Amino acid sequence: VVLATVESTLGPTAALIREEAAGRPAEVRTLLVEGAWDRFRAGDTEGCVRAVADVADTVTDADAIVPAQASMAPAQQLTTATVPVLSSPRPGLAAAAAEVVARGAARGGGRRRAVAHPVPPRPATG
């Protein structure tokens with residue numbers, strides 16, 4: 001089950017899960033957490049995350065719950081769902097970091113020197 005606070009993220013996340021299933025059967029259902037995005041936009045991130053966790057708690061007939069947005073990750077800590085909640089920011093960043101390290105090692109490893117690129121001066125205004 002894919003959870004989202006914004007409808008536009010449901011389709012891409014569901015498509016990514018189907019792609020990662022790589023030909024294995026995968027039924028993906030989506031749930032929009034009504035009102036959560038309005039809370040987030042109003043600065044009530046805690047209320048938004050609580051709303052996501054509350055909806056996650058209602059899911060009982062799935063193999064996993066996938067929040068569609070990184071901003072929903074804290075709901076994983078609040079939910080009492082018996083279905084695993086798979087939040088992507090931490091594992092995604094870990095995978096990206098591992099890839100950078102692996103590519104660096106494949107290219108001879110070692111530390112790279114930072115190269116300063118000059119910033120052109122801004123034109124005077126006024």
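Full extension of the chain segment joining Arg24 with Glu7 gains 3.5 nm, where the gain is 0.36 nm per residue of separation less the Cα-Cα distance.
Averaged per residue, what accessible surface does region 1-91 expose to a 1.4 Å probe, in Å²? List each step's numbers first, then the result.
Numbers: 5470 Å² over 91 residues.
Ligands and nucleic acids excluded, the result is 60 Å² per residue.
All other residues whose Cβ lies under 13 angstrom from that of Thr13 are scored, Lys and Arg at +1 and Asp and Glu at -1, for a net of -1.
Placing a pseudo-label 7 Å from each Cα along the Cα-to-Cβ vector at Ala98 and Leu16 gives an inter-label distance of 1.7 nm.
The values are calculated or read from the model by the stated rules, or taken from the named source; none is laboratory data. Because the structure is a prediction, the values reported are computed rather than measured. All Cβ positions, even for glycine, are placed from backbone atoms using ideal geometry, and neighbour counts span all protein chains on display. The accessibility values were calculated without ligands, DNA or RNA, using every heavy atom of the protein model including side chains. Shrake-Rupley method; radii C 1.70, N 1.55, O 1.52, S 1.80 Å.
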